[in-house]
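To start, the structure under review is shown below, and the notes come after it.
Computed from the coordinates by the stated procedures, all read-outs in this text should not be read as laboratory data. Not measured: the values here are computed from a predicted model. For neighbour counting, all protein chains shown are included, and Cβ atoms are generated from backbone atoms with ideal geometry for every residue, glycine included.
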Amino acid sequence: MTFYRHLFPELARLGHKVHALVGSAVSPMFQNYSANGIDVEFLDLDIIKANVNKFDAFAAVPELQWHLAAAWAGYEQAEGGAGYDLVETTDWGLLFVPWIINAKSPPIVVQLHGSIGQIDFNDPQVGNELYGDHVRLLEVGLLSHAEELQSGSMSNAQLWEKLTGRGVTYIPPAWSPLNVARTCSSKSSRGLIVGRIQYWKGPYRTLRGTSTFGE
């Protein structure tokens, strides 16, 4: 994820030990590696599969069952955060759930990029109503108990403040622009607009009469 690709090197540069555990219920598994003072480990798919049966109570909603299995796999693989001062998870995939409900977990920060409940609400699929309702109940009920909620989008932060009844810290994404040399001195009527595929994650802006989404 671009957000962490820019954030982690800065944390390491400041002297922090950074260990990233990457994966979800739908992610492939790659080879672990270390680079620039950052240890990157991938979620073990065998642990996820072994956990699925633990959530048979959600068998009627298999997508939710697998997300919970993956969330607990991450918690187990990280040994419950033993030895770490802080754990940060994303909101997507319910990865925050085991960390929040376990009283022995280190303090947890949840980065609100765009949860599966939000995605389902804004882009609903016919037949997925039970899944979407269950996920949103879990998200709203548990996120309010995290030690810290953060978002790189001001509009998203305001949305979650309304849903959880608590403050959400807006932190602009860490980003270092590259120095790109000009290759053409002549003017052009063409341009590049970079925005979000899911427009609801960021503010709406209008530029020279063209509708654009992003930050």
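What to note about this one:
- Distance (nanometres) between label positions extended 7 Å along Cα→Cβ at N53 and F3: 3.5
- Expressed to the nearest 5 percent, the antiparallel share of DSSP beta bridges inside the range 2-170 is 20 percent.
- For the range 2-170, the dipole from Cβ point charges (+1 on Lys and Arg, -1 on Asp and Glu) about the Cα centre works out to 240 debye, to the nearest 20.
- Between the range 1-36 and the range 100-121, the Cα center-to-center distance that results, in Å: 18
- The range 2-170: Rg to Rh, with Rh as the Kirkwood radius over Cα pairs: 0.95
- Shown in residue order for the range 125-135 are the 3J(HN,Hα) couplings computed by the Karplus curve 6.51 cos²θ - 1.76 cosθ + 1.60 at θ = phi - 60°: 10, 4, x, 9, 4, 5, 4, x, 5, 4, 4 Hz (x for Gly and Pro).
- Were the residues from E76 through S27 laid out at 0.36 nm apart, the gain over their Cα-Cα distance would be 15.9 nm.
- Spin-label zone in the range 88-117 - amide nitrogen under 16 Å from a point set 7 Å from the Cα of E147 along the C-beta vector: 88-90, 96-111
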